[in-house]
There are 2 protein chains.
Amino acid sequence: MSQRLTIALDAMGGDKGPDMVIAGADIARERHPQVHYLLFGDTARIEPLLAQRPALRAVAEVRHTPDAVAGDAKPSVALRAGRQSSMRLAIDSVAGGQAACVVSAGNTGALMAMAKFVLKTIPGIDRPAIASFFPTLRGESVMLDLGANTECQPENLVQFAVMGAVFARTALNLSEPTIGVLNIGSEEVKGNEVVRAAATRLREMPLPGRFHGFVEGNDIATGTVDVIVTDGFTGNVALKTAEGTAKLFTEFLRRTFQSSWTARLGYLLARGAFKRLKQRTDPRRYNGAMFLGLRGVCVKSHGGTDAIGFANAIGVAYNLAANGFNDRIKEEMQRLADAKPLPDTKAAAV
Amino acid sequence: MSQRLTIALDAMGGDKGPDMVIAGADIARERHPQVHYLLFGDTARIEPLLAQRPALRAVAEVRHTPDAVAGDAKPSVALRAGRQSSMRLAIDSVAGGQAACVVSAGNTGALMAMAKFVLKTIPGIDRPAIASFFPTLRGESVMLDLGANTECQPENLVQFAVMGAVFARTALNLSEPTIGVLNIGSEEVKGNEVVRAAATRLREMPLPGRFHGFVEGNDIATGTVDVIVTDGFTGNVALKTAEGTAKLFTEFLRRTFQSSWTARLGYLLARGAFKRLKQRTDPRRYNGAMFLGLRGVCVKSHGGTDAIGFANAIGVAYNLAANGFNDRIKEEMQRLADAKPLPDTKAAAV
């Protein structure tokens, strides 16, 4: 069942621009028939694409924008000079209530800067975070922050934990998600002041989930917890290290199957099974990084994705908007505000 | 050709204790016939094992030690209370000149604390770092620090870069290793103050290699650079995330081959090729983390490894000691000292 709501799309974002976005919206339309789309971008490029897709045309409205944010634009420059860009006007439509959420495959830094500026943070949240799903041995986990905040205070990590747990409840449908703070050992004495202070606080406060304690890098893939909390520097390195290792493995596997005639024959026999494995680990399945903590749902699609990946990112945005994700975060932040405040930890992480 | 030198072994370290260490030393003996071993540990447990290995017995000397450091001992406690432990006395033998290097599969934190205390750092090195090899698409790379220093100043990263490059020259036989600083983007403006200040310094100073600039998590597996420099927190998370992802992939592969009869048959045909892949990615190949920056070669073997893995760790120690690795570091640090000092960056990484 699809709920009736409007999704704003930055039609100019991504390596393959409007073509990919429109094709992705068409796939999403089949999955969520009642959704309406606001497409922000260059009408001259968007309209011909829509003309080929009458079913999408029927549920879409185009808003012409004269500018587009460049993929390599500095966030501060995009924020200042991009007021008439497709990205900015798509975000504005969420702030203005015309759309329930926004999806863009454009410049991550610019999107975060604009979304923060336009949508503002939820009361009680100091900094928004980027969250995404990861495949694990047990299913799927959520990790945040993946790059929005290179330096964090304990209170930021605590807020990420709350947002991540609400996200796991909403998007993964878990009643009591487990939460872990990423560290370099599981003992309480390990790590730096920031993670230790965050863990101390998380141990004693009411949470929309259960605090597990510290987890290590290998726990991400094991699926030891449902929500992995970390600063944006470590999270970004972990995310990309995992992606790089998966690629290395895939390449080793390819070479293995090509190393002999019997190995090639073996591949032919196992091909069906490998196709299923590929689907299971398809990065497009995990496309759609959420900006959590803003007064509006904003989802970042990978810039290099295709229509299927973009449709998945739209699905994530739809899911969050339809399930009142932000209202749930607000409630939890209120609960957190009613609880004991965290002592000052300025000495941390020098 | 094996050079005549003496290697001290902590016979009590590791999950499988003396059995694994003695069996590993016997394998290493075949590879380096001229090496002599000093085995530190409980004579009553070591002698019966040696009695079964007369060739090793002939090149080994046992030094009885009444204590052993527990795997879960706090480093500070081990340092204070472990003065008669096998680990400590093995390190002492390097400081005293009886052995050229020491290998232990025991408690990492205790080993680092003792090695730092007993061996002291090389002039110009403020903090030692843990380094290890990684398999990459191009071959092998070195990453440091992997967990000794959770918080770093720019000057620490600069010193790690120098040590890592000398290490790559010595252990990987590269004439001009490339060096990258791990960050969350390749642009100069990305990341935090610490990595930016370190990169600024590395761009302008004389190095025993070529400074490439920033690299990201996915560059570790790609092999974009030969030496990856990072703080011990990020490095440890990246190392374990890569290990976890590799395990996840292996498990997915196992399930894939068992998912149907044709897939099983396919595996049987490709089995030989997979055996070679397994050897290529065998963690035992990459066993042996080096403590760089100390006035003595100290190698940490994985605690859970077997005799083959331990023999590889001995091989790493042998290689460093036989090639005068520490003398090379000293020379480079002298060069570094003669160059312009790094400006103070106390404001970094809060």
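Explain nothing, just the number: dipole magnitude of the protein assembly as shown about its Cα centre with +1 on each Lys and Arg Cβ and -1 on each Asp and Glu Cβ, in debye rounded to the nearest 20.
Values: 82 positive and 68 negative charges, 332 e Å.
With only Lys, Arg, Asp and Glu charged at Cβ, the dipole is about 1600 debye.
Each label point is 7 Å from the Cα along the Cα-to-Cβ direction; what then is the distance between the points at B:Val77 and A:Ala81, in nm? Distance between label points: 6.0 nm. The other copies place their A:Ala70 label points at 6.2 nm from this one, listed shortest first, where each point is 7 Å from Cα along Cα→Cβ. Each Lys and Arg contributes +1 and each Asp and Glu -1, all at the Cβ; summed about the Cα centre of the range A:20-175, the dipole is approximately 180 debye. Between this copy and the others, label points of B:Arg335 are 5.9 nm apart in ascending order, each placed 7 angstrom from Cα in the Cβ direction. Could you pull out every one of the lysines with an alpha carbon less than 23 Å from that of B:Lys190, ignoring same-chain neighbours closer than 8 positions? Filter leaves A:Lys74, A:Lys116, A:Lys240, A:Lys300, B:Lys346. Each Cα pair under 8 Å and six or more residues apart adds its sequence gap; the mean of these over the residue count of the range A:131-225 is a relative contact order of 34 percent. Across the copies of the chain, A:Asp15 has label points (7 Å from Cα along Cα→Cβ) spaced 4.1 nm apart, shortest distance listed first. For the range A:1-119, the average shadow cast by the Cα convex hull is 6.7 nm², which is a quarter of the hull's surface. Extension gain, B:Arg4-B:Ser175: 0.36 nm per intervening residue step, less the Cα-Cα distance, totals 59.0 nm. Amide H contacts of A:Ile122 (H built 1.01 Å from N, in plane; Pro and chain starts excluded): A:Leu294, A:Arg295 sit under 5 Å, all sequence-distant by 5 or more or on other chains. Segment A:Ile308..A:Ser260, full-extension length gain: 13.8 nm, with 0.36 nm per residue of separation and the alpha-carbon distance subtracted. Note: relative contact order over the range B:1-119, using C-alpha pairs below 8 Å and six or more positions apart, is 33 percent.
For the range A:52-192, the relative contact order comes to 14 percent (Cα pairs under 8 Å, sequence separation of at least 6).
Look at where the Cα atoms of the range A:217-267 and of the range A:83-162 average out, and the two centres are 26 Å apart.
Under the simplified labelling scheme, the B:Val189-B:Lys247 pair shows an inter-label distance of 4.0 nm, with each label point 7 Å from Cα along Cα→Cβ.
Using all pairs of distinct alpha-carbon atoms, the Kirkwood hydrodynamic radius of the range A:149-232 works out to 12.5 angstrom.
Averaging over all projection directions, find the projected area of the Cα convex hull of the protein assembly as shown and quote it in nm² with one decimal place. Please report the intermediate quantities before stating the final value.
Working: hull surface 130.9 nm².
So the Cα hull casts an average projection of 32.7 nm².
Extension gain, A:Thr43-A:Arg271: 0.36 nm per intervening residue step, less the Cα-Cα distance, totals 77.7 nm.
What FRET efficiency would be calculated for the residue pair B:Ala70, B:Glu331, taking the C-beta separation as r and a Förster radius of 51 Å, to the nearest 0.05?
On the way: r = 39 Å, r/R0 = 0.76.
After rounding to 0.05, the efficiency reads 0.85.
Only the coordinates and a few stated rules stand behind these numbers; no lab work does. Just so we're clear, the structure is a prediction, and the values are computed from it rather than from any experiment. A quick note on method: Cβ atoms are made from the backbone with ideal geometry, for glycine too, and the neighbour counts reach across all protein chains shown.
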